[in-house]
Amino acid sequence: MSSSSRKLVETIKRLVVFILRESDLLRSPVFIFVLIASGSRTALIFLINETAARGGPNFFLFAGLIAAALILLAFSHWASLSGAKLVQSLQLRMRRNLTKQLLNADVSFFLRRGHGELYHSATHHIAAVSGTATRITGFIQAVLVLLFCLGYMFLEMPSSVLATVIALALGVTAFFVTEGPASRAVAKTHHATVAYHNSLNDILRGFKELRLRLARRRATDARVEQQINDAADAALVSERHYSYGQMGANGALISLLIAIVVILPLMSGADSVTTLQILTLVLFSFGPIETVVGNLPAFARTAISFQELERIETELSQNAEVEVSSDALEKRDSFETLELRGVKAHLSREVGDGTNARDTFTLGPIDLTLRPGESVFITGGNGMGKSTLLQLLTGLRHPDEGQILLDGQVVTRDNVAEYRSVFSAVFSEFYLFRHLDGLSEEDRKRLQEHIEEMGLVEGISIVDNQFTSLELSTGQLRRLALSLALAEERPIVVLDEFASDQDPGRRKFFYDVLVPRLAKAGHCLIAVTHDEHCFDKSDRLIRMEDGKIISDSALTGAAIPAAE
């Protein structure tokens with residue numbers, strides 16, 4: 001057996017163990033149904049042979065045939081239904097587990113993982129793995145029937161058992177001979193499909209840009225067409241190789257039938273009745289052998305899906321944050337100091353010139369102290385580290401060096417959830433949820449008040465705890481996001497380029513009304529802005545360059561708190 005085949009066998013073993021552990025298969029009556037169905041199938045074969053040997057049925061044989069047939073049909077049906085329930089139960093559990101892991105994953109996981117791969121895992125891979133539960137029961141039923149048939153064949157003609165085992169071994173060997181190239185083709189199908197899902201995500205999110213530039217739309221169409229063709233071609237290659245293996249298995253079974261009617265009678269001197277009985281047994285075992293051999297390619301495909309799920313879930317577990325229950329999470333209504341001491345973050349990204357080179361950027365060291373009741377504006381050129389600083393401040397990124405302290409307590413991965421509860425934010429790239437999940441009745445009342453203040457009453461309505469529509473301009477969506485952030489009344493409000501897409505009247509409201517109001521109410525407002533003519537509206541102005549704070553100036557006479 002080749003190394004790839006051994007690796008496949010090990011993966012299938014892990015897959016089967018996973019199915020048995022995570023599903024209700026061992027506690028389900030499906031095994032009882034399968035056992036009874038297999039036994040009734042064997043009884044049906046025996047009764048058919050007895051009827052043929054006697055030249056016709058008597059009352060008891062006829063009654064036995066009818067009973068065996070009814071039991072086979074009934075218990076096969078119940079086994080099928082039980083298997084379907086197992087699949088749905090396991091699929092539900094796997095999707096719930098993946099969703100929970102995604103919700104608890106560190107932000108760094110999403111920064112480096114494409115959405116297409118996650119979509120493919122949550123749909124295709126989970127469906128493939130959960131569907132294996134029924135394949136396992138079908139495989140077990142086929143093996144049981146095959147064992148019953150082999151036992152019966154041994155009593156009638158021992159040499160036929162050897163011929164059947166050889167045919168089965170040849171079928172399994174034919175699969176492993178073709179497994180290597182077939183599995184590689186399945187992997188190529190996976191990668192091409194993931195690329196297609198990523199492109200589909202681009203189309204859904206960039207539909208406006210695609211319609212403004214015909215050349216980009218045509219290039220996207222050509223790229224998606226190529227990805228679809230690559231996936232289809234790789235799938236055909238895998239099916240071709242698996243079909244070669246199936247041809248070998250079918251050839252071995254056909255040879256077995258020929259051997260039974262031509263060679264075995266010559267070797268053993270069996271009469272026509274015995275040969276007919278053995279032939280009936282082989283014909284009945286033909287289906288189980290096809291099930292056993294035919295399931296091997298399906299197990300191989302699922303093994304690749306299982307490997308991909310294992311890889312993603314391993315990465316998720318390595319990047320998981322400490323899960324905190326809502327009861328244990330204490331809402332912070334205030335704070336005294338927030339300090340950054342020697343904080344650094346190292347960023348690395350692909351250059352994108354096809355050379356696989358990487359560009360590195362270091363933020364820091366940053367020393368900064370923030371207190372309630374002050375408005376802090378941050379400015380600087382693009383790529384100077386402002387957004388990364390906000391990610392560090394809000395606990396969305398963990399510092400590679402240095403410490404963040406809230407009221408003197410060091411922020412760690414164990415308490416970062418509580419730390420984040422002091423922040424509400426509207427980032428430059430924000431996302432608005434249609435459902436108002438997590439808002440209390442008081443929060444929703446404040447939200448309605450802010451919607452009215454932001455001039456959004458005509459475009460926004462709330463029904464059944466959700467927005468009826470989000471068909472708004474970018475500036476309106478940003479004001480709605482700010483309304484949500486303010487409704488939470490968190491001690492620290494973080495805004496990234498909030499005024500960049502607002503009209504002059506809304507900018508004036510933001511700088512002249514909202515900023516001083518938040519500071520007066522005791523909130524700490526941290527806003528990234530490039531509006532130089534409004535810098536004097538803040539208490540402090542921080543300028544950044546090359547990932548460092550080059551100045552931290554008090555603009556309203558307030559003393560700048562120094563880090564201890």
**OP:** May I ask you to list the residues in region 197-212 that are free of Cβ contacts under 8 Å to residues at least 12 places away in the same chain and assigned to a helix (DSSP H, G or I)?
**Re:** L204, R205, F207, K208, E209, L210, R211, L212
Subject >> Conditions (1) outside any helix (DSSP H, G or I); (2) among the basic types (K, R); (3) touching a residue at least 24 places away in the same chain (Cβ under 8 Å); number of the one not met by R14 >> reply: (1)
Subject >> Residue under evaluation A481, criteria (1) over 29 Å from the mean Cα position of the chain (by Cα); (2) small (G, A, S); (3) at pLDDT 85 or above, criterion not met >> reply: (1)
**OP:** Would you mind finding the one in E401, E429, E453 that is closer than 20 Å to E321 by Cα and of a type in the set (D, E, K, R)?
**Re:** E401
Original post:
within 23 Å of I460 (Cα to Cα), of a type outside the set (S, T, Y) and assigned to a helix (DSSP H, G or I) - does that describe any residue in region 535-555?
Top reply: no
Subject >> Matching residues, region 497-513, being surrounded by fewer than 21 Cβ atoms within 10 Å (Cβ to Cβ) and under 25 Å from T369 (Cβ atoms) >> reply: E497
Original post:
With G39, G64 as the choices, which residue is in the same structural domain as G151 (by TED's automatic domain parsing), of a type outside the set (K, R) and over 21 Å from F139 (Cβ atoms)?
Top reply: G64
Original post:
Inside region 1-11, can you point out the residues that are more than 27 Å from the chain's Cα centre (by Cα) and in contact (Cβ under 8 Å) with a residue 12 or more places away in the chain?
Top reply: M1, S2
**OP:** Filter region 307-331 down to residues that are loosely packed, with under 15 Cβ neighbours inside 10 Å and at pLDDT below 70, then give me how many there are.
**Re:** 9
Original post:
When you go through D414, D407, D437 one by one, which is the residue that is acidic (D, E), touching a Ser or Thr at 6+ places or on another chain (Cβ under 8 Å) and exposed (fewer than 14 other Cβ atoms within 10 Å of the Cβ)?
Top reply: D407
**OP:** Could you please tell me which pairs satisfy a Cβ distance under 8 Å, a separation of 6+ or placement on different chains, a first residue in region 517-528 that is touching a residue at least 40 places away in the same chain (Cβ under 8 Å), and a second residue that is outside any strand (DSSP E or B) and exposed (fewer than 14 other Cβ atoms within 10 Å of the Cβ)?
**Re:** G522/S334
**OP:** Return the only residue of G114, G56 being in contact with a His (Cβ under 9 Å, 6 or more places away or on another chain) and surrounded by fewer than 16 Cβ atoms within 10 Å (Cβ to Cβ).
**Re:** G114
Original post:
Quick one: S183 ticks every box in (1) at pLDDT 85 or above; (2) polar (S, T, N, Q); (3) surrounded by 15 or more Cβ atoms within 10 Å (Cβ to Cβ) bar one, so which box is it?
Top reply: (1)
**OP:** Please state which one of V172, V194, V145, V165 is touching a residue at least 12 places away in the same chain (Cβ under 8 Å) and surrounded by fewer than 15 Cβ atoms within 10 Å (Cβ to Cβ).
**Re:** V165
**OP:** Can you confirm whether region 332-343 contains a residue that is farther than 30 Å from V194 by Cβ, of a type in the set (D, E) and at pLDDT below 85?
**Re:** yes
Original post:
Can you name the condition, by its number, that K520 falls short on among (1) touching a helix residue (DSSP H, G or I) at 6+ places or on another chain (Cβ under 6 Å); (2) surrounded by fewer than 18 Cβ atoms within 10 Å (Cβ to Cβ)?
Top reply: (1)
**OP:** Can you give me the number of residues within region 21-43 that are in a helix (DSSP H, G or I), in contact (Cβ under 8 Å) with a residue 60 or more places away in the chain and either aliphatic (A, V, I, L, M) or over 24 Å from V129 (Cβ atoms) (or both)?
**Re:** 8
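The values are calculated or read from the model by the stated rules, or taken from the named source; none is laboratory data. Values in this document were obtained by computation on a predicted structure and should not be read as measured data. Heads up, the Cβs are rebuilt from the backbone with ideal geometry, glycines too, and the neighbour counts pull from every protein chain shown.
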